[in-house]
Amino acid sequence: MFKILKKGDFVLFFVLILLGISVFSFTYLSSSEGKTAVVRLNGEVYGNYSLDKDKKVTIRQKNGYVNEFTIKDGHVQMTYANCGNQVCVRTGTIEKTGQQIVCLPHRLTITITGGDDGYDGLS
């Protein structure tokens, strides 16, 4: 019989795990705190909101779609959406430049901008 996994397979697996951890940590640690939440609805800018001021915003669309997000202590979180999958609500809080909350059924995105861009995962 033959062995399915060899010593080289374990070494390759270990190297790939270390590489993944290092890329993730570099990307996460190099991103900076954002200053603005840019809300886009159907690809068009709906509004820009400063992360310095606590605020609750409700967006009601003509077709009955409702989204509500909260800005508190420099963090943005989708607190309510009447979409079926609730992915946007389960995303949690975002605060760093480049992070996004996306509600695909309602065609709504919230993107953090305004900090030092730092590096992204492709740089």
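Looking only at region 39-81, residues that are over 14 Å from Arg107 (Cβ atoms) and either outside any strand (DSSP E or B) or among the acidic types (Asp, Glu) (or both) come to 7 in all.
Scanning region 82-106 for residues that are closer than 14 Å to Gly34 by Cβ and either in a strand (DSSP E or B) or free of Cβ contacts under 8 Å to residues at least 12 places away in the same chain (or both) gives Thr93, Ile94, Lys96, Gln100, Ile101.
For region 26-63, what are the residues that are free of Cβ contacts under 8 Å to residues at least 24 places away in the same chain, small (Gly, Ala, Ser) and open to solvent by less than 40 Å² (accessible area, probe 1.4 Å)? Gly47 - this is the single residue of region 26-63 that is free of Cβ contacts under 8 Å to residues at least 24 places away in the same chain, small (Gly, Ala, Ser) and open to solvent by less than 40 Å² (accessible area, probe 1.4 Å). Within region 76-106, can you find the residues that are surrounded by 14 or more Cβ atoms within 10 Å (Cβ to Cβ) and of a type in the set (Lys, Arg)? Of everything in region 76-106, just one residue is surrounded by 14 or more Cβ atoms within 10 Å (Cβ to Cβ) and of a type in the set (Lys, Arg), namely Lys96.
For first residues located in region 8-25 and at pLDDT 90 or above, partners that are open to solvent by 80 Å² or more (accessible area, probe 1.4 Å) and lie 6+ apart or on another chain with Cβ distances below 9 Å form the pairs Phe13/Leu5. Just to be sure, is Ile21 surrounded by 11 or more Cβ atoms within 10 Å (Cβ to Cβ) and either under 17 Å from Thr111 (Cβ atoms) or not acidic (Asp, Glu) (or both)? No, not satisfied.
The values are calculated or read from the model by the stated rules, or taken from the named source; none is laboratory data. Since the structure is predicted, the reported quantities are computational estimates derived from the model, not experimental observations. Cβ coordinates were reconstructed from backbone atoms using ideal geometry, including for glycine residues, and neighbour counts include every protein chain displayed. Each accessible area value is taken on the protein alone, full model and side chains, heavy atoms only, with ligands, DNA and RNA left out. Shrake-Rupley method; radii C 1.70, N 1.55, O 1.52, S 1.80 Å.
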